[in-house]
Amino acid sequence: MKLGILHHDLEWPEKEFKKYFLDRGLDVELFDIRSTNTEKILNANVDIIFNRVYASVANRDYKSTQKALKLYAELEELGIRVINASNTTVRSGYDKYFAYQAMIKEKVNTPNTLLLNGHDPKEELNQLGFPLIVKKNTGARGDCVFKVDNLEEAYSAITKIKSLEDYDGEILLQEFVTPVEPNDYRVAVLNGKVLFVHGRSLISLKAGEEPWLASRSSGSKLIKIDEVSEELKSFAIKGAKCIDSYFDVLDIVKTENGYCIIEHNLTPLFTPQYLEFLGFNPIEVISEEIVKNECIPNLCRAQ
Ligand SMILES: Nc1ncnc2c1ncn2[C@@H]1O[C@H](COP(=O)(O)OP(=O)(O)O)[C@@H](O)[C@H]1O
Ligand SMILES: [Mg+2]
C-alpha cells in the first residue's frame with residue numbers, strides 16, 4: 001500500500017509520520033501542496049492520502065489550504081481515501097463555520113457563530129451581544145483571535161483581519177463563552193476512542209481581564225489532568241463523530257452550561273517536547289491505527 005503525506009513546509013511531525021509508516025512496511029511519498037496536483041498524485045499510484053497541511057498554514061498562505069480542500073474533493077471523487085476521512089472532515093479543519101454547522105446539526109454544544117457577510121455587521125454584532133470573539137474562519141495557533149467588548153473594538157478587529165496580506169478568507173463572529181475553570185481541555189480522539197487529554201492554562205491579554213485564552217504560542221502552559229470525567233470523554237467522542245473525523249484534537253472549555261467545543265484540530269502540531277509531556281508518542285499510535293484499519297487487501301499493493 002502506498003500512502004501519500006500532503007504537507008506545506010515540512011515540519012518535524014511529518015518526517016516522524018513518514019518514519020513510522022515506512023517502519024510498518026508502507027510505501028510513503030511526501031507531496032508539497034504548493035507544487036502538487038491531482039494528476040501528480042494519481043501518477044504516483046497512491047492509495048491513501050494523509051492530510052498534514054496545517055490549518056495554521058492559512059495564517060501565512062491561505063491559498064494553500066484552499067488548494068488542499070479542492071484537491072481532497074477531487075481525490076475523493078476519484079476513489080482515493082483521504083485520512084480524516086471524508087471531505088466533510090477535511091473541510092471542518094479549514095472552515096470553522098462549516099464545522100459549526102455540523103455540530104449544531106448534531107446538537108453538540110458550541111458557541112453561537114455567524115459568518116461576517118460583506119455588509120455592515122452592526123445587526124449581527126448586536127444580535128450576539130458583547131463580549132464576543134472575532135476571528136478568522138481558517139487559521140490556528142491563536143493567531144488573530146480577538147475578544148471584543150463593544151462595537152468599536154469589533155470594527156477594529158474586523159479591519160485588522162481584513163487588512164492581513166496573506167489571508168482573504170471569511171471572518172467569524174462568535175458568542176464568547178466564559179470558562180468556569182482556569183484551564184481548557186485538549187481531547188484527542190482516535191477512531192472513536194480518547195487517546196489523550198490534557199489542559200492548557202488560560203491567559204488574559206489585557207490588564208484586569210479574567211483569563212480566557214488558551215494558546216501555547218501566547219503563553220498557555222500544558223497541564224496534566226489526572227482524572228478525566230466520562231462526561232468529557234463522551235462529549236469529545238460525540239464531537240469528533242459529528243464531523244466524521246478519524247483523528248481529531250478538540251479544544252473544549254467547561255462553561256456554566258457544561259462542556260463546549262471551541263474548535264477541531266485535524267492537523268495538530270506535535271513536537272518532541274510535547275511528546276515528552278504526554279509520556280508517549282501519539283504519532284506512533286496514530287500511524288499504527290491507520291495501518292491496521294486501512295491496509296485492507298484490495299488496497300494493499302504490497303500483498
Ligand atoms: N467563542 C469563544 N469563546 C471563548 N473563548 C474562545 C472562543 N473562541 C476562541 N476562544 C479562545 O481562543 C483560543 C483560540 O481560538 P481557536 O478558535 O481555537 O483558534 P485557533 O485555530 O487559532 O486555535 C481558544 O482555544 C479559546 O481559548
Ligand atoms: Mg484552537
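The values are calculated or read from the model by the stated rules, or taken from the named source; none is laboratory data. Model, not experiment: these values are computed from the prediction. FYI the Cβ positions are ideal-geometry reconstructions off the backbone, even for glycines, and counts take in every protein chain you see.
Candidates in the stretch 239-278 are the residues that are assigned to a loop (DSSP other than H, G, I, E, B), within 14 Å of ligand 1 (Cβ to nearest atom) and over 11 Å from the mean Cα position of the chain (by Cα); of these, the one that is nearest to Tyr94 (Cα to Cα) is Asn257. You will find that of Ala236, Ala207, the residue that is part of a helix (DSSP H, G or I) and either of a type outside the set (D, E, K, R) or within 14 Å of ligand 2 (Cβ to nearest atom) (or both) is Ala236 and no other. For the stretch 2-49, a residue qualifies if it is closer than 14 Å to Ile83 by Cβ, among the charged types (D, E, K, R) and part of a strand (DSSP E or B), and exactly one does: Lys2. Return yes when Thr178 is away from ligand 2 (no atom under 15 Å from the Cβ) and part of a loop (DSSP other than H, G, I, E, B) and no when it is not. Judged against the criteria, Thr178 is a match.
Just one of (1) at pLDDT below 95; (2) under 17 Å from the mean Cα position of the chain (by Cα); (3) not β-branched (Val, Ile, Thr) fails for Gly118. It is (2). If you go through the stretch 138-148 and keep only what is over 15 Å from Ser215 (Cα atoms) and surrounded by fewer than 22 Cβ atoms within 10 Å (Cβ to Cβ), you end up with just Val148. Of the residues screened, Leu164 is not one that is assigned to a loop (DSSP other than H, G, I, E, B), within 16 Å of ligand 2 (Cβ to nearest atom) and over 17 Å from the mean Cα position of the chain (by Cα). Please indicate, with yes or no, whether at least one residue in the stretch 186-193 is part of a helix (DSSP H, G or I) and either free of Cβ contacts under 8 Å to residues at least 24 places away in the same chain or within 16 Å of ligand 2 (Cβ to nearest atom) (or both). No, the conditions are met nowhere in the stretch 186-193.
Trp212 meets each of the listed conditions (1) surrounded by fewer than 16 Cβ atoms within 10 Å (Cβ to Cβ); (2) in contact with a Lys or Arg (Cβ under 7 Å, 6 or more places away or on another chain); (3) closer than 19 Å to Gly139 by Cβ apart from (1).
Against the test of being more than 9 Å from ligand 1 (Cβ to nearest atom) and surrounded by 14 or more Cβ atoms within 10 Å (Cβ to Cβ), the options Leu202, Leu132, Leu172, Leu190 yield a single qualifying residue, Leu190. The residue list Lys96, Lys107 contains one member that is charged (D, E, K, R) and more than 14 Å from the chain's Cα centre (by Cα), which is Lys107.
Against the list (1) assigned to a helix (DSSP H, G or I); (2) in contact with a Lys or Arg (Cβ under 8 Å, 6 or more places away or on another chain); (3) more than 16 Å from ligand 1 (Cβ to nearest atom), the condition Ala58 fails is (3). For the stretch 130-161, a tally of residues being more than 19 Å from Ser217 (Cβ to Cβ) and part of a strand (DSSP E or B) returns 2.
Which residue is farthest from ligand 1 (Cβ to nearest atom), if the candidates are limited to the stretch 217-233 and must be surrounded by fewer than 16 Cβ atoms within 10 Å (Cβ to Cβ) and part of a helix (DSSP H, G or I)? Ranking the candidates gives Glu230 first.
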